[in-house]
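Chemist: Quick one: this structure, given as structure tokens, is what I'll be asking you about.
The values are calculated or read from the model by the stated rules, or taken from the named source; none is laboratory data. As the structure is a prediction and not an experimental result, all values here were calculated from the model. Positions of Cβ are backbone-derived with ideal geometry, glycine not excepted, and every protein chain shown enters the neighbour counts.
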2 protein chains.
Amino acid sequence: MFFEGSEKKIELQIKPGSISLRALPLQFWHQALSLANAEILSNLSNDYCDAYVLSESSLFVWEHKLLLMTCGNTRLIDTVVFIIEKLGTDHISDVSYQRKSEFLSHLQSTRFEDDIDRLPIALAGKAYRIGHLDTHHHYLFHSNQTQQLQGSASLLMYHIKGEVADYLRQASQTSTQIRRLLALDSLLPEFTFDDHLFEPFGYSINGLFEDKFITIHITPQERSSYVSVETNLDFIQHPFNIFSALLNILNPSSWDTIGLNMQIANLGFPSHRRLASCDLQLNQFNGFNYNHYTQADTEILLAEVL
Amino acid sequence: MFFEGSEKKIELQIKPGSISLRALPLQFWHQALSLANAEILSNLSNDYCDAYVLSESSLFVWEHKLLLMTCGNTRLIDTVVFIIEKLGTDHISDVSYQRKSEFLSHLQSTRFEDDIDRLPIALAGKAYRIGHLDTHHHYLFHSNQTQQLQGSASLLMYHIKGEVADYLRQASQTSTQIRRLLALDSLLPEFTFDDHLFEPFGYSINGLFEDKFITIHITPQERSSYVSVETNLDFIQHPFNIFSALLNILNPSSWDTIGLNMQIANLGFPSHRRLASCDLQLNQFNGFNYNHYTQADTEILLAEVL
């Protein structure tokens with residue numbers, strides 16, 4: 001029942017006044033995604049963005065920006081190389097590529113270091129690992145940037161527990177009930193949502209409001225549960241903390257926050273210990289931060305019989 | 001400069017009144033170890049035990065007990081299968097096989113699950129994983145036991161820091177100075193030691209006192225440092241805590257303790273948080289415990305440029 005929830009993620013910025021990503025035909029995305037063994041399951045659009053729920057995570061396409069996340073053992077880098085080649089590096093101003101440490105890294109068909117070696121020289125940049133190899137760590141590549149990127153925030157939750165977690169693992173679930181349990185309509189009333197419930201379980205949801213997005217992916221598997229939340233909502237403009245709310249609903253044993261040009265306050269987080277922290281100035285325009293938390297109490301581990 | 005310090009470990013018990021392991025010729029151990037690509041670098045004997053420092057960790061041979069640990073990408077299971085076949089399962093009362101989660105598991109040529117599948121049916125038992133896949137975890141196989149095994153205790157330290165750690169990484173070191181920095185002669189005055197200093201660095205030491213042993217293996221590499229300590233010293237008979245002393249000397253960011261029929265008090269440990277704990281009753285005779293600690297302060301991570 002193991003499924004690798006940890007995502008690989010690419011963000012591309014198109015030069016202003018250059019090509020429009022939204023003008024590309026749907027066939028282009030089908031073809032690009034097929035290289036990563038991912039397909040489009042559902043879509044949602046507004047005036048700013050086309051959002052796709054994929055068989056493995058999500059794709060967001062704005063006029064001049066692309067965000068693509070894939071989980072499992074997808075070869076995202078194949079899709080990335082295809083997209084960059086088709087668009088042409090002249091039209092691309094910035095690339096960011098990230099990978100979270102996997103639960104079972106030996107099952108992955110590529111490593112981060114191999115992936116970034118395949119990016120074109122025209123998009124040269126710097127690669128980092130944040131965090132120790134023996135615990136949560138995060139790989140990050142940023143091409144040499146010439147502008148401030150839009151802020152974004154990620155919350156990665158591990159080992160969810162409690163009533164909502166139990167529901168997400170049970171045999172008969174509904175999207176409506178999951179959405180209700182996650183309280184999304186009350187937390188984000190302006191948003192429009194598009195979701196997909198996987199068999200036998202697993203849940204993905206994209207949300208849009210003007211140029212803002214949120215995407216949540218739930219891998220509820222008992223011994224390797226993982227939930228990712230990613231958004232470009234401005235936490236200063238929106239004083240409520242959607243991350244705190246979801247942490248209290250899903251009650252993970254540990255979690256990471258990742259911010260690009262955004263500080264993620266831990267006000268309202270469940271009682272916790274902050275084990276590790278990193279603030280990284282990528283260049284004069286952009287800053288990255290990473291924090292690793294566990295619940296405050298010592299976790300009583302159950303030995304898993306193999 | 002990466003080296004996988006995490007060990008695989010086998011313990012074999014020979015039935016009382018059966019064959020003597022110490023009577024086996026040295027050639028037998030050479031042949032067995034060559035299957036794991038390990039070789040004997042040095043040896044030390046007393047009335048109870050033959051202790052060997054290996055190119056990858058250590059081998060201890062008592063009359064009716066064997067303890068073999070190997071690190072790196074060794075195929076310990078090949079050696080184990082060879083030894084069991086040569087000795088014959090009729091002479092073996094108990095087998096315990098353990099693997100610590102590796103820093104870079106994708107570089108390993110075998111997985112724990114594959115390893116234990118190769119153990120003979122005559123030595124059937126139970127296999128467990130203790131700890132989550134995304135952080136420190138420990139694999140454990142114990143054959144069905146009919147007796148209480150001798151107690152043992154392990155301390156696994158990650159990311160050592162400070163003056164002693166710096167010395168262990170510097171270009172010119174001496175065994176004498178390392179032994180002095182670890183304070184082994186004053187901590188364990190009755191013990192006789194045998195050590196080996198690796199090039200460019202890395203240090204292994206075995207110690208014996210009557211039927212008691214201690215073995216310490218140091219992988220000091222800056223970004224993936226790891227130190228293991230294993231002993232059958234009885235912490236109740238010996239009220240001082242060698243683990244506390246070594247923790248204070250080597251100052252790791254995080255550490256695990258593992259006890260078999262032995263509780264490992266954390267009195268004197270550096271200021272810490274106990275993140276996770278497991279007590280596992282293997283059967284009516286034997287109990288296993290695991291604890292995962294980090295230092296009390298939030299660790300400020302440095303981004304490693306790749």
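Chemist: Kindly provide the set of residues from segment B:112-124 that are away from chain A (no Cβ under 11 Å), out of contact with any helix residue (DSSP H, G or I) (no Cβ under 7 Å at 6 or more places or on another chain) and either of a type in the set (D, E, K, R) or not in a loop (DSSP other than H, G, I, E, B) (or both), ordered by number.
Modeler: Once the filter is applied, which keeps residues that are away from chain A (no Cβ under 11 Å), out of contact with any helix residue (DSSP H, G or I) (no Cβ under 7 Å at 6 or more places or on another chain) and either of a type in the set (D, E, K, R) or not in a loop (DSSP other than H, G, I, E, B) (or both), segment B:112-124 yields B:Asp114, B:Ile121.
Residues checked against (1) over 30 Å from B:Ser225 (Cβ atoms); (2) out of contact with any Phe, Trp or Tyr (no Cβ under 6 Å at 6 or more places or on another chain); (3) within 14 Å of chain B (Cβ to nearest Cβ):
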| residue | (1), (2), (3) |
| --- | --- |
| A:Thr135 | no, yes, yes |
| A:Ser175 | yes, yes, no |
| A:Glu199 | yes, yes, no |
| A:Thr219 | yes, no, yes |
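Chemist: I'm checking my understanding of the structure. Among residues of segment A:280-290 that are in a strand (DSSP E or B) and not polar (S, T, N, Q), which one is farthest from the other protein chains (Cβ to nearest Cβ)?
Modeler: A:Gly287
Chemist: Counting only residues that are surrounded by 13 or more Cβ atoms within 10 Å (Cβ to Cβ) and either free of Cβ contacts under 8 Å to residues at least 60 places away in the same chain or under 20 Å from A:Gly5 (Cβ atoms) (or both), how many does segment A:178-192 have?
Modeler: Count: 8.
Chemist: Another question, then. May I ask you to verify whether A:Ser277 is within 30 Å of A:Gln147 (Cβ to Cβ), within 13 Å of chain B (Cβ to nearest Cβ), small (Gly, Ala, Ser) and not in a loop (DSSP other than H, G, I, E, B)?
Modeler: yes
Chemist: Do we have any residue at all in segment A:237-252 that's within 14 Å of chain B (Cβ to nearest Cβ) and under 16 Å from the mean Cα position of the chain (by Cα)?
Modeler: no
Chemist: OK, next. Please work out if B:Glu63 is of a type in the set (Asp, Glu) and touching a residue at least 60 places away in the same chain (Cβ under 8 Å).
Modeler: Taking the combined requirement at face value, the residue does not satisfy it.
Chemist: Please go through segment A:291-304 and give me each residue that is more than 7 Å from every other protein chain (Cβ to nearest Cβ) and surrounded by 14 or more Cβ atoms within 10 Å (Cβ to Cβ), ordered by number.
Modeler: Hits for segment A:291-304 are A:Asn291, A:His292, A:Tyr293, A:Gln295.
Chemist: Filter segment A:137-155 down to residues that are farther than 21 Å from B:Glu222 by Cα and at the interface with chain B (Cβ under 10 Å from one of its Cβ atoms), then give me how many there are.
Modeler: So the answer is 1.
Chemist: Determine which member of the set A:Ile300, A:Ile214 is within 15 Å of the chain's Cα centre (by Cα) and among the aliphatic types (A, V, I, L, M).
Modeler: Residue meeting the stated conditions: A:Ile214.
Chemist: For residues in segment A:131-177 being of a type in the set (D, E, K, R) and outside any loop (DSSP other than H, G, I, E, B), which is surrounded by the most Cβ atoms within 10 Å (Cβ to Cβ)?
Modeler: A:Arg169
Chemist: Just checking, does segment A:257-266 include any residue being surrounded by fewer than 19 Cβ atoms within 10 Å (Cβ to Cβ), part of a loop (DSSP other than H, G, I, E, B) and within 14 Å of chain B (Cβ to nearest Cβ)?
Modeler: Scanning segment A:257-266, I find at least one residue that is surrounded by fewer than 19 Cβ atoms within 10 Å (Cβ to Cβ), part of a loop (DSSP other than H, G, I, E, B) and within 14 Å of chain B (Cβ to nearest Cβ), so the answer is yes.
Chemist: Among the residues of segment A:90-111, what is the count of those that are away from chain B (no Cβ under 11 Å) and either under 18 Å from the mean Cα position of the chain (by Cα) or acidic (Asp, Glu) (or both)?
Modeler: 7
Chemist: Follow-up question, since we're still on this one. Answer yes or no as to whether A:Glu102 is without any contact (Cβ under 8 Å) to a residue 40 or more places away in the chain and either touching a Gly at 6+ places or on another chain (Cβ under 6 Å) or at negative phi (or both).
Modeler: Judged against the criteria, A:Glu102 is not a match.
Chemist: Something else: So which residues in segment B:6-51 are among the small types (Gly, Ala, Ser), in contact with a His (Cβ under 7 Å, 6 or more places away or on another chain) and modelled with pLDDT under 95, if there are any at all?
Modeler: The answer is B:Ser18, and nothing else.
Chemist: Kindly indicate whether any position in segment B:194-205 is at pLDDT below 95, under 19 Å from the mean Cα position of the chain (by Cα) and within 25 Å of B:Asn291 (Cβ to Cβ).
Modeler: Within segment B:194-205 (the criterion being at pLDDT below 95, under 19 Å from the mean Cα position of the chain (by Cα) and within 25 Å of B:Asn291 (Cβ to Cβ)), the answer is no, since none of the residues qualifies.
Chemist: Okay, next question. For segment B:52-70, how many residues are modelled with pLDDT of 95 or more, out of contact with any His (no Cβ under 8 Å at 6 or more places or on another chain) and assigned to a strand (DSSP E or B)?
Modeler: Residues meeting the conditions: 10.
Chemist: Residues of segment A:1-57 being crowded, with 17+ Cβ neighbours inside 10 Å, of a type in the set (D, E, K, R) and within 27 Å of A:Gln147 (Cα to Cα), which ones?
Modeler: Those that are crowded, with 17+ Cβ neighbours inside 10 Å, of a type in the set (D, E, K, R) and within 27 Å of A:Gln147 (Cα to Cα): A:Glu7, A:Lys8, A:Lys9, A:Glu11, A:Asp50.
Chemist: Inspect all residues belonging to segment A:262-279 and state whether any of them is of a type in the set (Phe, Trp, Tyr) and within 23 Å of B:Gly131 (Cα to Cα).
Modeler: No, segment A:262-279 contains no residue that is of a type in the set (Phe, Trp, Tyr) and within 23 Å of B:Gly131 (Cα to Cα).
Chemist: If you don't mind, another one. Of the residues A:Ser42, A:Ser109, A:Ser18, A:Ser96, which is closer than 28 Å to A:Lys126 by Cβ, in a strand (DSSP E or B) and of a type in the set (Gly, Ala, Ser)?
Modeler: A:Ser96
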